[in-house]
Amino acid sequence: MALTPNLVTYNASITSCGDHWMMALHLLEEMAQRKITADVISFNSALASSHSDVILMCLEVFVALRHSIV
């Protein structure tokens with residue numbers, strides 16, 4: 001029996017990324033490719049993995065958030 005990725009499994013994975021912001025961003029992109037809609041927890045966890053000097057990543061998450069709302 002295989003585990004099918006869903007919002008909960010992706011959120012847990014993004015949260016577990018810790019300081020590995022590139023992996024968190026990759027998981028957000030993968031969610032979009034699989035047509036899984038990210039939520040506030042997804043984006044908050046991805047932002048929490050970034051460092052203050054990682055402005056570009058934060059902007060990419062913001063753009064993704066805007067696209068998911070509109």
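If R0 is taken as 22 Å, the Cβ-Cβ distance between SER16 and CYS58 corresponds to a FRET efficiency of 0.70. Counting only Cα atoms, the chain measures 42, 29, 16 Å along its principal axes, largest extent leading. Of the solvent-accessible surface of the chain, computed with a 1.4 Å probe over protein heavy atoms with every protein chain present, carbon and sulfur atoms account for 65 percent. Nearest 10 degrees, 0 to 90: what angle lies between the long axis of helix 55-69 and the longest principal axis of the chain (Cα atoms)? Once rounded, one gets 50 degrees. When the residues GLU30, GLU60 are ordered by accessible surface, computed with a 1.4 Å probe over the protein chains alone, the sequence from largest down reads GLU60, GLU30. A 1.4 Å probe run over the protein chains yields, for the chain, 71 Å² of accessible area per residue, whole-number rounding.
The values are calculated or read from the model by the stated rules, or taken from the named source; none is laboratory data. This is a predicted model, so every value here is computed, not measured. Glycine also receives a Cβ, built like all others from the backbone with ideal geometry; neighbour counts cover every protein chain displayed. For the accessible areas, the whole protein counts, side chains as well, though only heavy atoms, and no ligand, DNA or RNA atoms are used. Shrake-Rupley method; radii C 1.70, N 1.55, O 1.52, S 1.80 Å.
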